[in-house]
Amino acid sequence: MTKAAIDRFEGEWAVIVLEDDRRFNFPRKKLPEGCKAGSWLQVEVIDGDIKSLVIDEQETELARQRISDKLAALRRGDHLKKSDG
Amino acid sequence: MKRIIVALLTLFVTLSCLTPAIPDIEVVSTTVIDLQTELPVPVTQTAETTFALPSSTPILATSPAIPIQPSDTPVILNSPTAQPVTGNLLVTFIDVGQGDATLIQTAEGLTALIDGGESDSGIVAKLQQLGVTSIDIVFATHPHSDHIGGLVHVLNTMPVKRVVTNGKPHTTVSYERFLDAIFSAGAEYIEVSEGDNVPLGSINFEVLNPGRNDTSTDLNETSLVLRLQYGSASFLFMADTGNPTERRLLSSGRNIKADILKVGHHGSKSSSSAAFLNMVKPQVAVYSAGAGNSYGHPHPATITNLNAVGATVYGTDLHGNVVITATQLEYFVATTNNGQIASTIEQDATPLATATKISAPAGVEIVSVISPVTKGSTASLTAKSQPGVMCTITVHYKSGPSKASGLEPKTTDGNGNVTWQWKVSANTASGDWRIEVSCGSKKTETYFTVK
């Protein structure tokens, strides 16, 4: 199983981006209940196709928190302060 | 006649005197379009912010963000030795496949990049081909991977001074990498919304979207929408916004008129409503989409709406890079490929439009297609190429390529025309179906509707 997230919906497709940057179009109707744009998933890829996927609520929450912290640091300009020495 | 001289002299001045240099592309189609006269709208500065860099930073001037007035007379263009007061603006809609990336280069040599396509779009190499080795402002319109994926590589490989976003986060790998890349690059990070101004040297990006109190849950509708005025040429970059944002912009009272429209959401049918396009009134419309993409971009209804307001449509899937060169008085459109968009209406019969047609290399063009077609009746398509060229047609229905009789390969007649007629079976699924036509090595495609 590989970690992935739903990047967006394009019409009937969910665009799923894996941790290794591979992208898949997956039928939106076949997504498990509760999936939204930004939901994290565990996907099983066999022969270049998604064979199965499950929603990973815990990973979604962890990512949300981690990303929220990074964004807050960017807004504070922490990365610029560092470069000033 | 005067227009021809002015335009040709402008072309001469453009090609010989001005910076930045014309990008190193093979220009196979060039169109000169006279601009509508339009007075710039004063920039209001109530609670809105202009994000000028500190004055100690020499790269970006802190001049007021007021559009440049066009010269009263084109007299300067009548002398090829005269140096124009200001140089050219280049706006390149880069072909990044399915995604978006738009490069803006000012006469002072400043650069802005609006989105960077997918992570595998090759954006860095494409920028380097255009002579770009650093970026002053990166705009990330919204955090979808087909817009920010490539920006990660840009931030990791070339100097970027400032990153401007809509401030809307996303819980994806792509977005997290994008934040990490801003950190590593040490780029200034700014969030903007409606009414803010982002200057780049002497030009100014006016932010029209997202609204100040935006509550959209659809990230597409939170996209940065930017308007840019240069001389009397105006640009409107819609990113991935659709009808809800269009309605908001229509009621916002802001100036959304634009000569050149970057079509919303890759030309999908949920964008580019007739009411919106009637207000924008674009002369040129550019959509960005990947050839053969899975999402049906652009939708034929969008092309129809764009044609209905008289816009000449360009698409990166068919035309490759689409480059607008704006001078103070007019602008040019150049493309790397001589693509043809189905059912594009004829341009005004100006002398230069005629010249464009004459110089256009032989490709293949859809002259007409019957649409919609009722099940059980006969469909017809006429294409034009060089005389005596073998052409093939493929009609892609839901069930696969049509095997109807009448769709056999044919040779164009003495005028380069070829027509196919075929029966649409009563069993054919309703919908918009793609038709591919190839003549020699050239290809084009269109859609028709089965009802």
- line: Restricting attention to the stretch B:235-252, the residues that are without any contact (Cβ under 8 Å) to a residue 40 or more places away in the chain and crowded, with 23+ Cβ neighbours inside 10 Å number exactly 4
query: Any residue in the stretch B:279-290 that is surrounded by fewer than 21 Cβ atoms within 10 Å (Cβ to Cβ), over 15 Å from the mean Cα position of the chain (by Cα), at pLDDT 95 or above and not hydrophobic (A, V, I, L, M, F, W, C)?
result: no
query: Out of the residues in the stretch A:7-41 that are more than 9 Å from chain B (Cβ to nearest Cβ), in a loop (DSSP other than H, G, I, E, B) and hydrophobic (A, V, I, L, M, F, W, C), which is nearest to the chain's Cα centre (by Cα)?
result: A:Cys35
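Is it fair to say B:Ile324 is in a strand (DSSP E or B) and away from every other protein chain (no Cβ under 14 Å)? Reasoning before the result, please.
On the way: in a strand (DSSP E or B): yes; away from every other protein chain (no Cβ under 14 Å): yes.
So B:Ile324 fits the description; yes.
Output the residue which, of all residues in the stretch B:88-137 that are assigned to a loop (DSSP other than H, G, I, E, B) and of a type in the set (Asp, Glu), is surrounded by the fewest Cβ atoms within 10 Å (Cβ to Cβ).
Taking the stretch B:88-137 as the starting set, the residues that turn out to be assigned to a loop (DSSP other than H, G, I, E, B) are B:88, B:94-101, B:106-110, B:115-122, B:130-134.
In the following step, the residues that additionally are of a type in the set (Asp, Glu) were identified as B:95, B:100, B:108, B:115, B:118, B:120.
Values: B:Asp95: 26, B:Asp100: 32, B:Glu108: 17, B:Asp115: 30, B:Glu118: 25, B:Asp120: 15.
If we take residues in the stretch B:88-137 being assigned to a loop (DSSP other than H, G, I, E, B) and of a type in the set (Asp, Glu), then B:Asp120 is surrounded by the fewest Cβ atoms within 10 Å (Cβ to Cβ).
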message: I'd like the full set of residues that are of a type in the set (Asp, Glu) and facing chain A (nearest Cβ under 8 Å), limited to the stretch B:172-196.
response: B:Glu176, B:Asp180, B:Glu188, B:Glu191
- prompt: List, please: which pairs have Cβ atoms under 6 Å, are six or more places apart or on different chains, and start with a residue in the stretch B:146-173 that is more than 24 Å from B:Asn209 (Cβ to Cβ) and modelled with pLDDT under 95 and end with one that is of a type in the set (Gly, Ala, Ser) and buried (at least 24 other Cβ atoms within 10 Å of the Cβ)?
  reply: B:Val173/A:Ala5
- line: Restricting the stretch B:138-167 to residues that are within 10 Å of chain A (Cβ to nearest Cβ) and assigned to a loop (DSSP other than H, G, I, E, B), the one surrounded by the fewest Cβ atoms within 10 Å (Cβ to Cβ) turns out to be B:Gly167
task: Would you please list the contacts, defined by Cβ atoms under 8 Å and residues six or more apart or on different chains, that run from a residue in the stretch A:68-81 that is small (Gly, Ala, Ser) to a residue that is in a helix (DSSP H, G or I)?
output: A:Ala73/A:His79; A:Ala73/B:Phe183
field: Selection count where residues are crowded, with 24+ Cβ neighbours inside 10 Å and either small (Gly, Ala, Ser) or outside any helix (DSSP H, G or I) (or both), scope the stretch B:208-226
entry: 7
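To keep it simple, each residue is scored yes or no on (1) assigned to a helix (DSSP H, G or I); (2) β-branched (Val, Ile, Thr); (3) in contact (Cβ under 8 Å) with a residue 40 or more places away in the chain.
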residue	(1), (2), (3)
B:Arg254	no, no, yes
B:Leu261	no, no, yes
B:His266	yes, no, yes
B:Lys269	no, no, no
B:Ala275	yes, no, no
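The values are calculated or read from the model by the stated rules, or taken from the named source; none is laboratory data. Keep in mind it's a predicted model, so treat the numbers as computed, not measured. Glycine also receives a Cβ, built like all others from the backbone with ideal geometry; neighbour counts cover every protein chain displayed.
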